[in-house]
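The values are calculated or read from the model by the stated rules, or taken from the named source; none is laboratory data. These figures come from a predicted structure and were not determined experimentally. With ideal geometry, Cβ positions are generated from the backbone for all residues, glycine too; neighbour counts draw on all protein chains shown.
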Amino acid sequence: MKIKSICCIGAGYVGGPTMSVIAQKNPNIKVTVVDLNSQRICDWNDKDLTKLPIYEPGLDEVVAEARGRNLFFSSDVDAAIAEAQMIFISVNTPTKTYGAGKGMAADLKYVELCARQIAKVATSHKIVVEKSTLPVKTAEAIQNILDNTGKGVDFQILSNPEFLSEGTAMRDLAVPDRVLIGGDSTTDKGQEAIQALVDVYASWVPKENILTTNIWSSELSKLTANAFLAQRISSINSLSELCEATGANVQEVAKAIGMDSRIGPKFLQVSVGFGGSCFQKDIMNLVYIAKSLGLNEVADYWHQVILMNNYQRDRFAKNIIKTLYSTISGKTIVFLGWAFKKDTNDSRESAAIYIADLLIDEQAKVKVYDPKVTSAQMQSDINHLDSRSEDENKNYLKTENDPYAALQGAHAVAILTEWDEFKKYDWQRIYDNMQKPAFVFDGRNILNREVLETIGFVYKGIGS
Ligand code: UDX
Ligand code: UDX
């Protein structure tokens with residue numbers, strides 16, 4: 001079967017970039033991305049490419065090339081489903097905030113809604129592809145809904161988790177380490193569906209990098225790949241405190257252990273803690289699945305990765321408070337960076353949110369400059385924690401569009417995101433305009449300690 005038309009439900013950080021690249025590389029396939037959020041669709045269609053709802057380096061060029069040719073963004077979900085031979089589900093799967101599994105399990109209500117909508121609309125056979133990260137066995141539920149509420153047409157379910165990392169998504173999509181496709185290879189129809197999706201990717205991905213597995217392996221691999229990555233960060237972050245206590249330097253340790261080719265150098269960058277929409281959610285999900293199966297030791301093992309991450313954030317905030325003479329009430333602490341990493345406007349689960357919350361609890365004034373995250377997003381992030389009223393948050397958390405203005409008269413600056421531009425600032429000028437002693441808490445260890453100390457700053461990195 002040759003695929004001629006694809007629909008993707010969910011025009012988010014995953015659906016948008018992924019479909020843009022699929023369309024770019026397959027000019028003969030019509031790709032329509034739909035979303036319940038019509039504003040988001042309008043933004044995807046904006047002539048001004050700087051208005052795209054997602055900031056991702058290189059995305060604008062790909063959208064410019066394919067949009068209107070074979071890439072479309074639309075709010076007409078039903079029409080796009082009806083037309084497509086293959087439908088990707090790329091909606092969000094947040095951690096449940098209610099009921100059984102609250103705080104741990106993935107909330108599958110949006111995925112279920114998609115399945116029901118597909119079933120209602122489809123009058124021809126469809127291949128349904130899980131793109132969202134889902135707990136193992138979700139495909140069974142989707143199949144069940146489709147088969148029981150559908151109009152008797154055949155649905156083949158595939159799992160095709162996305163491994164792109166925000167900030168480098170376009171490169172990750174263009175030259176992926178691997179593409180993973182899970183499906184039912186025990187039936188002819190299942191095999192045909194797997195092959196149809198393999199062919200879509202084979203337009204640009206070498207065959208040997210396209211891995212096919214059974215559907216459960218595919219679902220579980222996504223969760224566990226993220227758990228392994230996050231585990232490395234928690235491992236190095238755990239060593240940061242040990243380094244501080246012993247005089248070792250965590251960056252030297254990371255370099256030394258990373259040069260062992262069995263360990264490798266990636267994901268050993270010490271930080272204020274990992275953020276992003278995936279790591280926390282996927283590990284909690286893994287923990288929940290293990291617990292549900294009665295595998296308590298397995299659950300506890302992975303849960304520790306999260307506990308270490310929470311601890312690292314707390315430790316960073318407490319260090320700021322302690323260093324500023326254990327009293328930060330009324331003091332101004334400037335955050336450089338709010339996004340969970342550089343080169344994205346995404347702030348989901350960013351360590352900055354939690355650290356701001358802890359400092360505001362102590363009545364500090366937090367001023368934030370981030371090159372891409374909006375003020376409205378920052379307020380929404382902090383309000384989401386439910387720690388205090390929206391008015392109080394507005395009072396304590398301010399956004400500045402100019403870093404130098406933000407730092408004027410501040411007591412301390414904390415680096416929360418590793419944006420490259422922070423390294424290029426005129427730190428002498430910043431120092432001159434800050435309260436003395438002027439403190440830098442470098443949560444990403446990106447600034448030059450020696451230079452800052454020569455200027456007169458009290459510099460605190462992590463892990464040395
Ligand atoms: C999502 C999932 O959160 C993640 O688990 C998975 O790995 C990839 O897809 P992301 O693309 O980052 O991640 O989420 P988000 O940016 O929130 O985009 C989801 C989009 O789906 C939103 O634009 C939302 O409006 C849309 N949506 C949600 C629908 O169109 N229909 C729904 O029923 C629910
Ligand atoms: C992650 C996975 O990398 C990706 O494969 C998956 O599809 C989705 O989840 P993402 O969340 O976009 O991608 O970003 P990632 O680069 O993994 O960073 C996650 C967090 O870890 C960030 O807050 C980052 O700053 C932090 N991090 C990363 C560290 O603290 N140290 C490191 O060495 C690497």
Val373 vs (1) among the β-branched types (Val, Ile, Thr); (2) within 26 Å of Thr97 (Cβ to Cβ); (3) touching a Pro at 6+ places or on another chain (Cβ under 8 Å): all pass except (3)
Subset of region 27-54 (residues that are more than 22 Å from the chain's Cα centre (by Cα) and either surrounded by 22 or more Cβ atoms within 10 Å (Cβ to Cβ) or within 16 Å of ligand 2 (Cβ to nearest atom) (or both)): Val31, Thr32
Consider region 298-344. How many of its residues are within 17 Å of the chain's Cα centre (by Cα) and of a type in the set (Asp, Glu)? 1
How many of the residues making up region 448-464 are in contact with a strand residue (DSSP E or B) (Cβ under 8 Å, 6 or more places away or on another chain) and surrounded by 13 or more Cβ atoms within 10 Å (Cβ to Cβ)? 8
Condition check: more than 16 Å from ligand 1 (Cβ to nearest atom) and either of a type outside the set (Phe, Trp, Tyr) or closer than 19 Å to Pro57 by Cβ (or both). Does Val198 satisfy that? yes
Can you confirm whether Asn296 is over 30 Å from Ala414 (Cβ atoms), more than 16 Å from ligand 1 (Cβ to nearest atom) and modelled with pLDDT of 95 or more? yes
Picked from region 34-83 (must be in contact with a Cys (Cβ under 8 Å, 6 or more places away or on another chain) and within 14 Å of ligand 1 (Cβ to nearest atom)), the residue farthest from Lys4 (Cα to Cα) is Val34
Among residues of region 449-464 being farther than 21 Å from Thr246 by Cβ and among the hydrophobic types (A, V, I, L, M, F, W, C), the residue farthest from the chain's Cα centre (by Cα) is Ile455
What's the number of the condition Ile306 fails, among (1) farther than 19 Å from Gly463 by Cβ; (2) within 16 Å of ligand 1 (Cβ to nearest atom)? (2)
Going by the conditions given, is Asn285 over 18 Å from Ser235 (Cβ atoms) and in contact with a Leu (Cβ under 8 Å, 6 or more places away or on another chain)? yes
Which one of the conditions (1) within 18 Å of Ala169 (Cα to Cα); (2) not in a strand (DSSP E or B) does Leu36 fail to meet, given that it meets all the rest? (1)
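One line per residue, one yes/no per condition, for (1) of a type in the set (Asp, Glu); (2) farther than 27 Å from Lys372 by Cβ; (3) without any contact (Cβ under 8 Å) to a residue 12 or more places away in the chain; (4) surrounded by fewer than 20 Cβ atoms within 10 Å (Cβ to Cβ):
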| residue | (1), (2), (3), (4) |
| --- | --- |
| Asp78 | yes, yes, no, yes |
| Met86 | no, yes, no, no |
| Val91 | no, no, no, no |
| Ala106 | no, yes, no, no |
| Ala122 | no, yes, no, no |
| Ile127 | no, yes, no, no |
| Pro135 | no, yes, no, no |
In region 254-293, what residues are among the small types (Gly, Ala, Ser), within 16 Å of ligand 1 (Cβ to nearest atom) and either on the phi > 0 side of the Ramachandran plot or at pLDDT below 95 (or both)? Gly276, Ser277
Filter region 346-373 down to the residues that are small (Gly, Ala, Ser), within 16 Å of ligand 2 (Cβ to nearest atom) and part of a loop (DSSP other than H, G, I, E, B), then identify the one that is farthest from Ile320 (Cα to Cα). Ser347
Under 7 Å between Cβ atoms, at least 6 apart or on separate chains: pull out the pairs that start in region 257-284 with a residue that is under 21 Å from Pro135 (Cβ atoms) and within 10 Å of ligand 2 (Cβ to nearest atom) and end on any residue that is part of a helix (DSSP H, G or I) and of a type in the set (Val, Ile, Thr). Phe274/Ile233; Gln280/Ile306
Could you please let me know if Gly16 is in contact (Cβ under 8 Å) with a residue 40 or more places away in the chain, part of a loop (DSSP other than H, G, I, E, B), within 20 Å of the chain's Cα centre (by Cα) and within 10 Å of ligand 1 (Cβ to nearest atom)? no
Residue pairs within 6 Å by beta carbon, gap of at least six or interchain, first lying in region 57-71 and closer than 10 Å to Val31 by Cα, second small (Gly, Ala, Ser) and not in a loop (DSSP other than H, G, I, E, B), listed first then second, are Ala66/Ala23; Asn70/Ala23; Leu71/Ala23
Assess whether Asn445 counts as being out of contact with any strand residue (DSSP E or B) (no Cβ under 6 Å at 6 or more places or on another chain), assigned to a loop (DSSP other than H, G, I, E, B) and surrounded by fewer than 22 Cβ atoms within 10 Å (Cβ to Cβ). yes
List the pairs whose first member sits in region 331-345 and is more than 11 Å from Ala364 (Cβ to Cβ) and assigned to a loop (DSSP other than H, G, I, E, B), whose second member is of a type in the set (A, V, I, L, M) and more than 16 Å from ligand 1 (Cβ to nearest atom), and whose Cβ atoms are under 6 Å apart, counting only residues at least 6 apart or on separate chains? Gly337/Leu416; Trp338/Ala352; Trp338/Val368; Trp338/Met378
Residues that are hydrophobic (A, V, I, L, M, F, W, C) and in a strand (DSSP E or B), drawn from region 411-442: Ala412, Val413, Ala414, Ile415, Phe439, Val440, Phe441
Go through region 205-241 residue by residue and tally those that are aromatic (Phe, Trp, Tyr) and touching a residue at least 60 places away in the same chain (Cβ under 8 Å). 1
Selection over region 140-184 where residues are more than 23 Å from the chain's Cα centre (by Cα) and either charged (D, E, K, R) or at pLDDT below 95 (or both) yields a count of 16
